[in-house]
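Notes to accompany the following structure.
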Amino acid sequence: MLGIDPGTLTTGYGIVTRRGKDLIVLASGTVRNSGKTPLPRRLHNIYAQLRDVIDRYGPTECAIESAFYGKNAQSALKLGHARGVSMLAAVEHQLATAEYSPREVKKAVVGNGNATKEQVQFMVRSLLRLGSERMRMDASDALAIAICHLQRCTTPSRRRGEWKTYVLMHPERVRQ
């Protein structure tokens, strides 16, 4: 499971798998760009590096944070571009892709949709049994997105449509 926290300056990624009841980190990191680099070059760098991560680790699914609607329209547009090239890298590799709001990710990982980034990072470290090694917030956010998706895929709720999505994403688990 590949989780992506998109941004034009820093895009976080994290790959998590489940072994029994344990969650295991296969990789995490960031794609970093300079603010001085033209936007098209930054987008290409995000796309190319995510494509390399997918080629290297072979995830079968992808989860990405949905757009956050802030006060700055220009920032929202740039975030949309980063999300677009991230999704393109996933779709190009035929990865099933899901989107989760920041609030939904925080609720799934911390239990509180208004959690701080520090609280999310603390819970990510706890859930994945990571030590105190240095980790960028973008990488821990991406791991949180992957964890959120893994939780949603293994425990669908009774809300309308979630079972249908689960069945579509996991046809091997449906008995005929």
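Each value in this text was obtained by applying a stated rule to the coordinates, not by laboratory testing. These figures come from a predicted structure and were not determined experimentally. Counting neighbours? That spans all protein chains shown, and the Cβs are built from the backbone with ideal geometry, glycine included.
Please list, ordered by chain and number, the residues whose modelled amide H lies under 5 Å from the amide H of residue 96; skip anything fewer than 5 residues away on the same chain.
Under 5 Å from the amide H of residue 96: 62.
Please find the FRET efficiency linking residue 114 to residue 36, where r is the Cβ-Cβ separation and R0 is fixed at 30 Å, and quote it to the nearest 0.05.
Here the calculated transfer efficiency is 0.30.
Under a crude label model (7 Å from the Cα following the beta-carbon direction), how far is residue 103 from residue 130 in nanometres?
Placing both labels 7 Å along Cα→Cβ, they lie 2.6 nm apart.
Select from 13, 126, 113 the residue farthest towards the positive end of the dipole of region 2-173; place +1 on Cβ of Lys and Arg, -1 on Cβ of Asp and Glu, and compute about the Cα centre.
Highest projection toward the positive end goes to 113.
Work out the charge dipole of region 2-173 with +1 on the Cβ of Lys and Arg and -1 on the Cβ of Asp and Glu about the Cα centre, then indicate which of 30, 140, 44 is farthest towards its positive end.
Result: 140.
Under the Karplus relation 6.51 cos²θ - 1.76 cosθ + 1.60, θ = phi - 60°, what is the ordered set of whole-Hz ³J(HN,Hα) values for region 126-141, x standing for Gly and Pro?
Residue by residue, region 126-141 yields 5, 5, 9, 6, 8, x, 9, 4, 4, 9, 5, 4, 5, 5, 5, 5 Hz.
Once the Cα gyration tensor of region 47-101 is diagonalised, what are the square roots of 5 times its eigenvalues, in whole Å and ordered largest first, as equivalent ellipsoid semi-axes?
23, 12, 7
Explain nothing, just the number: dipole magnitude of region 86-145 about its Cα centre with +1 on each Lys and Arg Cβ and -1 on each Asp and Glu Cβ, in debye rounded to the nearest 20.
That gives a dipole near 280 debye.
Report relative contact order for region 2-173 in percent, whole number only (criteria: Cα-Cα under 8 Å, sequence separation at least 6).
Working: 280 pairs, mean separation 48.7, N = 172.
Computed over region 2-173, the figure is 28 percent.
Counting Lys and Arg as +1 and Asp and Glu as -1, what is the net charge of the other residues whose Cβ lies under 11 Å from the Cβ of residue 6?
-3
Step through the residues of region 26-43 one at a time and calculate ³J(HN,Hα) from phi using the Karplus curve (6.51 cos²θ - 1.76 cosθ + 1.60, θ = phi - 60°), rounding each to whole Hz and writing x for Gly and Pro.
Listing the rounded values in order: 8, 6, 7, x, 9, 9, 10, 10, 7, x, 7, 6, x, 3, x, 5, 4, 5 Hz.
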